[in-house]
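Structure first, commentary second.
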Amino acid sequence: MARTVKKPEVRRAEILQAAGNLFQAQGYETTSVDEIVRSAGIAKGTFYYYFKSKEEILEALAQQICADIVSRSQVIADDPHLGAIEKFCAIIASQNQTVEGGQSIVEDLHRPENRALHERSNIETVRAFGPILASVVEQGNREGVFQLEDPLSTVQFILAGSLFLFGHQTFNWTPEEEAARMQAMLLLIERAFGAAPGSFAAVLGASIQGRDDRWHLQSAIPRNAFLLWLLGYRGCPGQWLLI
């Protein structure tokens, strides 16, 4: 039987798909390279031609999720029919859908043994996602709902700081302490953006409760979802990525 020859990008995508399916079905830790090889229908040498290890597979899958979120968010940010705060809401809903499809990958990233990879993913998130959010803030400046001189630096500072403060359970906050710091972060964001007090909570609360269906938000998204989304909060349905 003749050997099937595929383009490298196709073969690599098939390996990632097989690994992703296995990680979702049985978990990253319990999945072996041999199982990935069998599922992809390839030789073990072919696997190692494309990936040095299972950890490299996880990193590639995380990059896929991040790239998908960035792509979807860019489309929303470019929509000329939405206002700035509307775009934030739509980006949240889009991110939730993406992360639900890769929830197991997100959970694996938060394992202590994957901390170095998690930190690299955080850096990539700040670099790739920050400019998109900054463009929305710039639109808000033009609309008069925000007043911010340096949107990109401010957004990246908030993203990086919140990822460290709330990531890896570094500080082992109690639920009450974490809630207090989230509320403080919401206030910080509103003040940094020059937004009216309570503006994010009011708009997001109304849309989340179904009083405005323009953004197609699911009822499972919690109040103050914008804050939880920026913080990479993982205690709510859908598990906000910002990895």
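The values are calculated or read from the model by the stated rules, or taken from the named source; none is laboratory data. Keep in mind it's a predicted model, so treat the numbers as computed, not measured. Quick reminder, even Gly has a Cβ in these numbers, built from the backbone with ideal geometry, and neighbours come from all protein chains shown.
Quick notes
- For the range 65-79, the criterion of being farther than 30 Å from GLY140 by Cα, in a helix (DSSP H, G or I) and in contact with a helix residue (DSSP H, G or I) (Cβ under 9 Å, 6 or more places away or on another chain) is met by none of the residues.
- Selection of first residues in the range 133-155 that are surrounded by 16 or more Cβ atoms within 10 Å (Cβ to Cβ) and of second residues that are of a type in the set (Phe, Trp, Tyr), restricted to Cβ pairs under 6 Å at least 6 apart or on distinct chains, gives the following pairs, ordered by first then second residue: VAL137/PHE146; GLY140/PHE146; PHE146/PHE193; LEU148/PHE193.
- Contacts under 8 angstrom Cβ, first residue in the range 172-194 being over 23 Å from ALA134 (Cα atoms), partner at pLDDT 80 or above and assigned to a helix (DSSP H, G or I), 6 or more apart: TRP173/ARG181
- Every residue from the range 56-67 that is farther than 12 Å from SER121 by Cβ and either touching a strand residue (DSSP E or B) at 6+ places or on another chain (Cβ under 7 Å) or surrounded by 15 or more Cβ atoms within 10 Å (Cβ to Cβ) (or both): ILE57
- Residue check for ILE85: under 22 Å from GLY140 (Cβ atoms), in contact with a Gly (Cβ under 8 Å, 6 or more places away or on another chain), at pLDDT below 90 and assigned to a helix (DSSP H, G or I): yes
- Considering residues of the range 20-46 that are β-branched (Val, Ile, Thr) and more than 21 Å from ALA62 (Cα to Cα) only, the residue surrounded by the most Cβ atoms within 10 Å (Cβ to Cβ): ILE42
- Among residues that are of a type in the set (A, V, I, L, M) and closer than 18 Å to GLN17 by Cβ, LEU58 is included.
- Criterion violated by GLN24 - all others in (1) assigned to a helix (DSSP H, G or I); (2) more than 21 Å from the chain's Cα centre (by Cα) satisfied: (2)
- Breaking point among (1) of a type in the set (D, E, K, R); (2) in a helix (DSSP H, G or I); (3) out of contact with any Ser or Thr (no Cβ under 9 Å at 6 or more places or on another chain), for GLU29: (2)
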